[in-house]
Amino acid sequence: MEAKRFTLNKKTWIILLVMIAIGVVSLLYGALAGPGIKRMAANLLLNNYYFLSLGLIGLFFITAHAVSESGWHTSVQRIAEAMSSFIPIGGVLLLVFFLSGGLHLLYEWTNTEQLDEVLQGKTPYLNEPFFYIRTLVFLAGWSILAYFIRKTSLQLDIDGERKYFNRLRVLSAVFLVFYALSSVISSWDWLMSIDAHWYSTLYGWYVFSSMLAAGIAMLIILLYVLMKMGYMEHVNTEHIHDLGIYLFGFSIFWAYLWFSQYMLIWYANIPEETVYFYDRHLHFSGVFYINLILCFVVPFLALMTRNSKRSFTILIPVSVLVVIGHWFDLYLLIMPGTIGGEASGFGLVEIGTTIGFLGLFALVSFLTLAKAPLAPYKHPFYKESLDYHTHY
């Protein structure tokens, strides 16, 4: 029997469109009458990267489980697919941002006439033609693979033939290999090159771990919203529990990489390395510690027990705080190197732009959810997921 389909009601439409409108107004305010075009551009980069990454984590969630032949995830697979539908939207917006002046506004290495000796040595890699080639390859690769993975998943729903299941696994393996490389290199290009004199050997994995925890938190929030709307009856407490385990585990993984990068660089006392954190301590100390509390302390303490991972009463507030916390994490990666401590802040531009992107992300996700049954009912492992029960 075909699973229940989602319908985007008029009230939700209006709410999401209002959120998008708030984002547009906030950007116009930032550019014309507010704190300035550079701060607006930095917020555009932050939110564009953040929500594009949430889409990529949705696709990562699908492909990692497909390759490992997991069964339980099929009950929430459609939500992850819906998240991944934002990838081409976010990709186009990011490319337009770079081409419309954002690249020259925020990245010091693009000013080729005033490069010092360090940046001149990096020009074989940090130059605009090569930068755009890499960007196009990443965005096109992610979008194409997301399209074919979604298409194959829907074809599997139509007739349930084994060939589509096998194709899904092959495409998933291709994506995982491509994403393992492209996620790291793209974080070097779009984030680390903001502070082009500084580098970290684990930066790419640190950024990935941050987006992974935020992506799982967003998936939990979307699942909760759908269940409150009367959908997702096929999801049971065991599925929620496993998502809670992911959120708990990936938050610890992020903290491990945070500690590895921060403490090892700091106690080594190497000037060209510690200057990165010195600026963040000097001008962003409040955000620095709030970030650590929201991204690690809260999920670690709140989700330590088994029951806390099985209850939306605890899981949803924690997920919301984790989504906010990793937004702060990305804020700390971008703002110090683009607009600096004195010009930064939290006002209409920051809040409004985030609300706008959240509305756009949710709208794209909901529209995608409405195009197919909310569960892949002909997936070979779907029955296993329906009967899913843990034994601990």
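Remarks
- Picking from residues in the stretch 333-367 that are surrounded by 20 or more Cβ atoms within 10 Å (Cβ to Cβ) and in contact with a Ser or Thr (Cβ under 6 Å, 6 or more places away or on another chain), the one that is nearest to L105 (Cα to Cα) is M335.
- Where S182 falls short, out of the listed (1) surrounded by fewer than 16 Cβ atoms within 10 Å (Cβ to Cβ); (2) farther than 22 Å from G71 by Cα: (1)
Quick grid of which residues meet (1) under 21 Å from the mean Cα position of the chain (by Cα); (2) closer than 30 Å to A80 by Cα; (3) crowded, with 16+ Cβ neighbours inside 10 Å; (4) of a type in the set (D, E):
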site	(1), (2), (3), (4)
H234	no, yes, yes, no
H241	no, yes, yes, no
S251	yes, yes, yes, no
W258	yes, yes, yes, no
L264	no, no, no, no
R280	no, no, yes, no
N291	yes, yes, yes, no
K309	no, yes, yes, no
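- Cross-chain or 6+ apart pairs with Cβ under 8 Å, the stretch 109-125 first and at positive phi, then outside any loop (DSSP other than H, G, I, E, B) and loosely packed, with under 12 Cβ neighbours inside 10 Å: none
- Among the residues of the stretch 27-49, not a single one is over 22 Å from P336 (Cα atoms) and at pLDDT 95 or above.
- Residues in the stretch 262-309 that are at pLDDT below 85 and not in a helix (DSSP H, G or I): N269, I270.
- Residues of the stretch 206-231 classified as surrounded by 24 or more Cβ atoms within 10 Å (Cβ to Cβ) and on the phi > 0 side of the Ramachandran plot, total: 0
- Restricting the stretch 310-368 to residues that are of a type in the set (S, T, N, Q) and part of a helix (DSSP H, G or I), the residue that is modelled with the lowest pLDDT: T338
- Checked against the criteria, T305 does not count as in contact (Cβ under 8 Å) with a residue 40 or more places away in the chain and among the β-branched types (V, I, T).
- Residue within the stretch 210-232 that is under 18 Å from the mean Cα position of the chain (by Cα), in a helix (DSSP H, G or I) and farther than 20 Å from V76 by Cβ present: yes
- Selection count where residues are modelled with pLDDT of 95 or more and polar (S, T, N, Q), scope the stretch 194-235: 2
- Residues in the stretch 298-307 that are loosely packed, with under 15 Cβ neighbours inside 10 Å and either of a type in the set (A, V, I, L, M) or within 18 Å of L219 (Cβ to Cβ) (or both): L301, M304.
- Verdict on T368 being more than 22 Å from D242 (Cα to Cα) and in contact with an Asp or Glu (Cβ under 8 Å, 6 or more places away or on another chain): yes
- Across the stretch 124-179, the qualifying residues are those that are over 21 Å from I194 (Cβ atoms) and polar (S, T, N, Q), and the one among them that is surrounded by the fewest Cβ atoms within 10 Å (Cβ to Cβ) is N166.
- From V118, V92, V137, residue being β-branched (V, I, T) and under 22 Å from P336 (Cα atoms): V118
- Meets criteria (touching a residue at least 60 places away in the same chain (Cβ under 8 Å), touching a Pro at 6+ places or on another chain (Cβ under 9 Å) and crowded, with 21+ Cβ neighbours inside 10 Å) for S193: no
- Every residue from the stretch 64-90 that is buried (at least 24 other Cβ atoms within 10 Å of the Cβ), more than 13 Å from the chain's Cα centre (by Cα) and over 20 Å from L386 (Cα atoms): A82
The values are calculated or read from the model by the stated rules, or taken from the named source; none is laboratory data. Computed from a prediction, not measured in an experiment: that's the story for all the values here. We place every Cβ from the backbone using ideal geometry, glycine too, and count neighbours over all the protein chains shown.
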